[in-house]
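One structure is given below, encoded as structure tokens.
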Amino acid sequence: MNIEAVSTPDRDLLRPLRYVWRVPLLLLHVVLGILLCGFILTWNRHRVMKNGREPFTHRMIRAWSTGLMRIFGLRSVRVGQPLQDSALFVANHTSWIDIELLHSQRAACFVAKAEIASWPLVGWLAASGGTIFHRRGSNHSLAAVMQVMVDRLRAGRSVAVFPEGGTGHDGVLKVFHARIFQAALDAEVPVQPVALRFVRDGKRQIDAGFRLDENFLQNFLRLLGGAPMDAEVHFLEPVPVNPEGRRRMADLARERIAAALEDRSA
């Protein structure tokens, strides 16, 4: 069944009222995140899943991310089952909220742009959660990131990446970079595509992420005051490992994500 794709109306009379109660809740939730990072994640960040049993730190990450999503009016919905550690998750990328959305269902080490590491508080929270920072446009940085990814995967951790290399807008799904799939081949772990989709009243909201020329703060405030909607995390069929064709792996992962974004039965 195809889902109609629409944009969110700009006129929303209830938006000011939502800020009144969501902003204080967000501040309290951030304080809770600081305490969790300082007293739990800092000392247990290297714990991994064993025999399908999720470590306490991973459950805390999922719980905190789920709470953050609810403050923004987003109900996280899982479709399908994520692979157990260790695995490489590849997902479409619409905005900063994608990291928290995936974290609400599956704790993983994310690869993110290096600029985030210098952001006040956010950079520290991201580093405490195991984020791997990459300086875009630098082959040296990419090589170092790839090695860290392989090391984490071999150690039993899952890694999540956005192979588009940046955020799309208005529902656009860009070409997937194939080189990032080499980490899964080198670590000999499976690759699972993940489709992230936002739905309200049975209609896919294509601009829940970044709109064209919208910056982080604008998107943050728009989502914070937005009407409630479902945020779906579709864990799709793993991509067959093909040592001779990582380009084919990237294309197949993109095809499966594109199908899930357009069809609820995918």
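Per residue, the average separation of C-alpha pairs within less than 8 Å and at least 6 apart gives region 5-262 a relative contact order of 27 percent.
Would you kindly work out the equivalent ellipsoid of region 5-262 from its C-alpha gyration tensor and give its semi-axes, the square roots of five times the eigenvalues, largest first in whole Å?
28, 22, 17
Residue separation of Val23 and Glu188 scaled by 0.36 nm, minus their Cα-Cα distance, works out to 55.0 nm of gained length. Annotation: amide H of His134 within the under-5 Å range of Ala112, Lys113, Ala114, sequence separation 5 or more or interchain, hydrogens built in the peptide plane. Multiplying the residue separation of Asp12 and Trp119 by 0.36 nm and removing their Cα-Cα distance gives an extension gain of 35.4 nm. If we count every other residue with Cβ under 11 angstrom of Ser95's Cβ, Lys/Arg +1 and Asp/Glu -1, where does the sum land? My count for the surroundings of Ser95 gives -2. Around the amide H of Arg78, modelled in the peptide plane, lie the amide H atoms of Val233, all under 5 Å away and 5 or more residues distant in sequence or on another chain.
Quick note: the coordinates plus some simple rules give every number you see, no bench work behind them. Values in this document were obtained by computation on a predicted structure and should not be read as measured data. Note: ideal-geometry Cβ built from the backbone for every residue, glycine included; neighbour counts use all protein chains shown.
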